[in-house]
Amino acid sequence: MSESLSETVSLSVVDGIATVLIDNPPVNALGATVRKGLVAAAEKIASDTAIKAAVLTAKARTFPAGADIAEFATGMTDPWLPEVVNTIEALEKPVVAAIYGTALGGGLEVALGCHYRVAAASAKLGVPEVQLGLLPGAGGTQRLPRIVGAEAALQMMVTGKPIKAPLAEKMGLVDKVVADDALMDEALAMAKAVMAKDGPLPRVSEMTEWTEKDRADSDLLDKFRAEHGRMFRGVIAPDHILETVRAAIELPFAEGMAVENERFMTLFASDQSRALRHVFFAMRETAKVPDIAKDTPLIDVKSVGVIGAGTMGGGIAMCFANIGIPVTIVEVKQEALDRGLGVIRKNYENTAKKGRMTAEDVETRMGLLTGSLNMEDLGDKDLIIEAVFESMEIKEKVFSRLDTIAKPGAILASNTSYLDIDHIATFTSRPEMVLGLHFFSPANVMPLLEIVRGEKSSDSVIATGMKLAKAIRKTPVLARVCDGFIANRLMYPYIDLAIEMLVAGTPMQVIDSAMRDYGFAMGPLQMLDLVGLDVITFPAEVNVTGELVKLERRGQKLNGGFYDYDEKRRGTPAPAAIDVVDKVRKHRGIAGDKELSPEQVMAGLLYPVVNEGAKILEEGIAMRAGDIDVAAILGYNWPAYQGGPMCWADIHGLPKIVAGLEAMGQKPAALLKKLASEGGSFT
Ligand code: T1G
């Protein structure tokens, strides 16, 4: 007979063993009703003499995947999770955690408050709080070092990466790993076995073996920080995590908990955590299209055609082959087709060399790819993606032809990065079947996929595009038609103005280091060198990138660009580039004596990007500010801990940005001005 202890927690007793069941879909997050239910369960276990032991587990897809992140925005209430965990641990009757799915964050911390842990073989366990700019705030920083040692605990907490159950067992984090379908039986059997045992219960907070070892290794923490410096760069949570582990090694448990709590609250109030929590939800929001009904019929895509076997076409073909969908790739010349298929094979072989797939996988994937010189071969495909040269004339030829070849109901997509999808749709008799699928290069790697919705694109086509994006492990962002859609349009000013600053007199290394200090892995000019100067075209008749390309300086791939590169690809400002800048200055009659400070560089580049984002939003090109942030983070590696341009603008202060833009002689977007004047925010 099951007793409901709260809306989301129930308890039933069989043969003296209580089963505490959490039922809080979708991921059994430890929200207020769960916490209340767990406290009630602990009280029941303590007071009911018929109960000799307990098993704690959950329903549906996973053991609790953490605290309820959504609750952070509305304010957490009693009982707080640390107290809940301590209450479970303090019980005098054994509690066995039956772990499956993804026991993450607070979920793992609850399991650590139990006396025993049994895990399903497919379970994963982790503490990903660092990805939210936080640290495990329910005793994890104090219990993990005690049960697996400081080094392993730091590895888990600073990377945030989950570990598989067998490794967890090896580390001592779980007592037993069992077959998935035997989890409950095994957990009940363990409860039965331990309920008869005498002696004190194993409480992680009282374990001392690891702490003694770690205390003896005085430079353990400094060594860890030195070895993993990259993970500490720019973000604040890892240093706080390190200090909580120091407390776990040096202090009694209760004092260590006080350190954890203090540092958790510091992080919780930080801009970085606000930004990362925004990004967590924004990444999941992008797939939701409010004006398309949830039951919109989807088009079944079981076969794909790709036109063009170049870098983009090849990468796109791989995305579908990777999930077992056969792809026919069409080229105009055999040698281009052979080259394209050769590049795909090489990509797979390189992945196999890294041990991420087997030689057999390579053949399976290649077996899904068929080359053809004949567009007629696409006649039976469910989805056809054009990835040819960016010229409307060529698109017209391709889509007019496709219209006569493709079967009824086939989706016709263009991978164009900026051309007008509505215009492309007019080359067919079926505009409702046309959309943009804008992949970012390399298409088989970059996680962003812009789904470009034409005026006439049907709801089914858009809904299918959004679902397909997730199926090929991309994050979709819906865009309406404009030059550059969302990510490229957003970043045009960033790149354009960086070059303007260089011509006006700010040294390239000042510009790039300012943006690395902001959090980008590389500055705008370094990025141009990496992407290739020949892929960027600027209108002015004489411009820096054009002149560099004329000198056969195409960036890292050929002779350097703004920078010269040594064999380790370390860049130094190139004299040839400085000469080109001088030439452009002379041609435009610019003195080149205006050197900006790093702060001015940051404002000068970031404010116009925010302004462009505001225009993208007010024009309805993007549905949400969060979508723009996701596009910037996934398309241009905007540092996630800054939240993306729109979230960063809210944190930085919209009135400051409006004033800064006006001081630069730029007109703030109406939406930006309105929000700034009303104390509003984008996110
Ligand atoms: N809180 C609230 N909602 C959550 C959630 C959470 N922890 N995790 C997922 N969701 C929602 C998500 O927004 C989506 O909602 C749905 O569940 C499915 O998620 C004190 C402070 C578990 C691996 O960081 O990593 O514990 O869009 O699309 O791909 O120390 O969700 O359907 O409306 O991602 O199968 C620590 C975060 C929290 C884990 C499943 N825990 N979640 O992936 O589904 S902080 C985390 C995930 C904490 C304590 C600290 C993944 C997943 P909707 P999904 P998925």
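The values are calculated or read from the model by the stated rules, or taken from the named source; none is laboratory data. Source: prediction; values computed, not measured. When we count neighbours, we look across all protein chains shown, and the Cβ atoms used for this are built from the backbone with ideal geometry, even at glycine. All accessible areas refer to the heavy atoms of the entire protein, side chains included, with ligands and DNA or RNA removed. Shrake-Rupley method; radii C 1.70, N 1.55, O 1.52, S 1.80 Å.
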* State whether one or more residues within segment 115-128 are farther than 20 Å from ILE99 by Cβ and open to solvent by 10 Å² or more (accessible area, probe 1.4 Å). => no
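With the requirement that a residue be within 16 Å of the ligand (Cβ to nearest atom) and either in a loop (DSSP other than H, G, I, E, B) or basic (Lys, Arg) (or both), what does segment 8-35 give you?
THR8, ASP23, ASN24, PRO25, PRO26, VAL27, ASN28, ALA29, LEU30, GLY31, ARG35
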* **Every residue from segment 147-168 that is on the phi > 0 side of the Ramachandran plot and within 14 Å of the ligand (Cβ to nearest atom)** => GLY160
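When segment 391-408 is examined, which residues are found to be under 27 Å from LYS467 (Cβ atoms) and not β-branched (Val, Ile, Thr)?
Passing the criteria: LYS395, PHE399, LEU402, ASP403, ALA406, LYS407, PRO408.
Taking the stated definitions as given, is LEU188 among the hydrophobic types (A, V, I, L, M, F, W, C), within 14 Å of the ligand (Cβ to nearest atom) and modelled with pLDDT of 95 or more?
Values: among the hydrophobic types (A, V, I, L, M, F, W, C): yes; within 14 Å of the ligand (Cβ to nearest atom): no; modelled with pLDDT of 95 or more: yes.
Here the answer is no, as LEU188 does not meet what is asked.
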* **Filtered residues of segment 154-178 (kept if closer than 18 Å to PRO202 by Cβ and in contact with an Asp or Glu (Cβ under 9 Å, 6 or more places away or on another chain))** => GLU169, ASP175, LYS176, VAL177
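Residue by residue through segment 394-449, note down the ones that are of a type in the set (Ser, Thr, Tyr) and under 33 Å from the mean Cα position of the chain (by Cα). Even if it seems obvious, please write down each step before you answer.
Looking only at segment 394-449, we keep the residues that are of a type in the set (Ser, Thr, Tyr), and these are 400, 404, 414, 416-418, 426, 428-429, 441.
Across segment 394-449, the qualifying residues are SER414, THR416, SER417, TYR418, SER441.
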* To do: Determine if segment 68-84 includes at least one residue that is of a type in the set (A, V, I, L, M), on the phi < 0 side of the Ramachandran plot and away from the ligand (no atom under 16 Å from the Cβ).
  => no
* Would you list the strands (runs of 3 or more DSSP E) that sit entirely within segment 99-146 and hold 1 or more residues that are within 9 Å of the ligand (Cβ to nearest atom) and among the charged types (D, E, K, R)? => 124-126
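Working only within segment 533-551, note down all residues that are closer than 22 Å to SER441 by Cα, open to solvent by 10 Å² or more (accessible area, probe 1.4 Å) and not polar (S, T, N, Q).
Matches in segment 533-551: ASP534, VAL535, ILE536, PHE538, GLY546, VAL549.
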* Structure fact -> If we ask which residues in segment 240-266 are open to solvent by 40 Å² or more (accessible area, probe 1.4 Å) and either within 12 Å of the ligand (Cβ to nearest atom) or among the charged types (D, E, K, R) (or both), their number turns out to be 8
* Which residue pairs have Cβ atoms under 9 Å apart, sit 6 or more places apart or on different chains, and have a first residue in segment 333-348 that is in contact (Cβ under 8 Å) with a residue 60 or more places away in the chain and a second that is surrounded by 17 or more Cβ atoms within 10 Å (Cβ to Cβ) and outside any helix (DSSP H, G or I)? -> ASN347/ASN444
* Qualifying positions in segment 209-246 - touching a helix residue (DSSP H, G or I) at 6+ places or on another chain (Cβ under 9 Å), hydrophobic (A, V, I, L, M, F, W, C) and farther than 15 Å from ILE147 by Cα -> LEU220, LEU221, PHE224, MET231, PHE232, VAL235, ILE236, ALA237, ILE241, LEU242
* Asked: When you look at ALA269, is it open to solvent by 60 Å² or more (accessible area, probe 1.4 Å), small (Gly, Ala, Ser) and within 16 Å of the ligand (Cβ to nearest atom), yes or no?
  -> yes
* Asked: Does segment 567-587 hold any residues that are open to solvent by less than 50 Å² (accessible area, probe 1.4 Å) and within 32 Å of the chain's Cα centre (by Cα), and which are they?
  -> GLY571
* Which one of LEU530, LEU525 is assigned by TED's automatic domain parsing to the domain that holds PRO573, among the hydrophobic types (A, V, I, L, M, F, W, C) and surrounded by fewer than 24 Cβ atoms within 10 Å (Cβ to Cβ)? -> LEU530
* Hey, does segment 643-653 have a residue that's surrounded by fewer than 24 Cβ atoms within 10 Å (Cβ to Cβ), under 25 Å from the mean Cα position of the chain (by Cα), under 21 Å from THR475 (Cβ atoms) and of a type in the set (Phe, Trp, Tyr)? -> no
* Examine segment 161-184 for a residue that is in the same structural domain as ALA111 (by TED's automatic domain parsing), under 27 Å from ILE69 (Cα atoms) and among the charged types (D, E, K, R), and state whether such a residue exists. => yes
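Run down SER400, SER458, SER417 and say which single residue is touching a Ser or Thr at 6+ places or on another chain (Cβ under 8 Å), of a type in the set (Gly, Ala, Ser) and in contact (Cβ under 8 Å) with a residue 12 or more places away in the chain.
Details: SER458 fails: touching a Ser or Thr at 6+ places or on another chain (Cβ under 8 Å); SER417 fails: touching a Ser or Thr at 6+ places or on another chain (Cβ under 8 Å).
Only one candidate passes the filter, namely SER400.
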* To do: Would you be able to tell me the number of residues in segment 274-309 that are open to solvent by 40 Å² or more (accessible area, probe 1.4 Å) and not in a helix (DSSP H, G or I)?
  => 11
* Being part of a loop (DSSP other than H, G, I, E, B), open to solvent by 30 Å² or more (accessible area, probe 1.4 Å) and touching a helix residue (DSSP H, G or I) at 6+ places or on another chain (Cβ under 6 Å), is that true of even one residue in segment 390-399? -> no
* Between a first residue in segment 539-563 that is assigned by TED's automatic domain parsing to the domain that holds ARG585 and a second residue that is β-branched (Val, Ile, Thr) and assigned to a loop (DSSP other than H, G, I, E, B), which pairs have beta carbons less than 7 Å apart while being 6 or more apart in sequence or on different chains? -> THR545/ILE536
* Could you run through segment 359-382 and say how many residues are acidic (Asp, Glu) and under 25 Å from ILE405 (Cβ atoms)? => 4
* Could you give every pair whose Cβ atoms fall below 6 Å, whose first residue belongs to segment 36-53 and is open to solvent by less than 10 Å² (accessible area, probe 1.4 Å), and whose second residue is not hydrophobic (A, V, I, L, M, F, W, C), counting only separations of at least 6 or pairs across chains? -> GLY37/SER6; GLY37/THR8; ALA42/THR87; ILE45/LYS93; ALA53/LYS93; ALA53/PRO94
* Only residues in segment 221-250 that are farther than 22 Å from THR211 by Cα count as the first member; pair them with residues that are not in a helix (DSSP H, G or I), Cβ under 7 angstrom, at least 6 apart or cross-chain, and list the lot. => GLY234/GLY519; GLY234/PRO639; ILE236/SER270; ALA237/GLY133; ALA237/LEU134; ALA237/LEU135
